[in-house]
C-alpha cells in the first residue's frame, strides 16, 4: 500500500466493506443450515426410541402438528439433491446428515477466516486513509 492515492484507498475500503457484509451474510446462512442439520440429527436420534404403532405428533410446519401412528423407522427417505430421494437405514441417514453438517462446519470456518483477513485488511486501509487525512489537514494549516 505504498503511497496510494486517497481515492484509491477509499474505493478499496468500500469494496472490502461490501465483501465483509457478503461474507457475514453467507456465514449466517451457513449457520442456519448447520442448525437445521443439527435438528435433523436430534430428530433422527429420537426416532430410535419410537415404537411402531406409537402415537406421536408430527410437525408439519408453522407450529402445526399432525397426530399420527408411527410406522417403522428402520429406514427413512433422504433427499440427496436434484429431486432424488433414497431410502436409507437410520444409521446411514444419520451418517449422511452428519457428513453434510461437517462439510458446512468446515465451510463456515473457511468463510470466517476469509472474513477475518478481509476485516484486518479493511482496518489497514482505514488507518492509511486516516493518516492521509491527517497529513492533508496539517498541510492546510
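Of 33, 114, all but one fail to be over 25 Å from residue 15 (Cα atoms), modelled with pLDDT of 95 or more and out of contact with any strand residue (DSSP E or B) (no Cβ under 8 Å at 6 or more places or on another chain); the exception is 33.
Scanning the range 118-141 for residues that are assigned to a helix (DSSP H, G or I) and over 18 Å from residue 11 (Cα atoms) returns 134, 135, 136, 137, 138, 139, 140.
Per the listing 38, 31, 19, 83, the residue uniquely within 24 Å of the chain's Cα centre (by Cα), touching a residue at least 12 places away in the same chain (Cβ under 8 Å) and more than 30 Å from residue 122 (Cβ to Cβ) is 38.
When 4, 17, 69 are screened for being modelled with pLDDT under 95 and surrounded by 12 or more Cβ atoms within 10 Å (Cβ to Cβ), only 4 passes.
Within the range 50-96, the only residue that satisfies the criterion of being in contact with a strand residue (DSSP E or B) (Cβ under 9 Å, 6 or more places away or on another chain), under 17 Å from residue 40 (Cβ atoms) and assigned to a loop (DSSP other than H, G, I, E, B) is 50. Given the conditions (1) without any contact (Cβ under 8 Å) to a residue 12 or more places away in the chain; (2) touching a helix residue (DSSP H, G or I) at 6+ places or on another chain (Cβ under 9 Å), report the number of the one that residue 108 does not fulfil. Going through (1) without any contact (Cβ under 8 Å) to a residue 12 or more places away in the chain; (2) touching a helix residue (DSSP H, G or I) at 6+ places or on another chain (Cβ under 9 Å) one by one, residue 108 breaks only (1). Checked against (1) loosely packed, with under 11 Cβ neighbours inside 10 Å; (2) over 17 Å from residue 90 (Cβ atoms), residue 52 meets all criteria but (2).
The values are calculated or read from the model by the stated rules, or taken from the named source; none is laboratory data. No experiment lies behind these values; they were computed from the predicted model shown. Because the Cβ atoms are built from the backbone with ideal geometry, glycine has one as well, and the counts that use them run over all protein chains shown.
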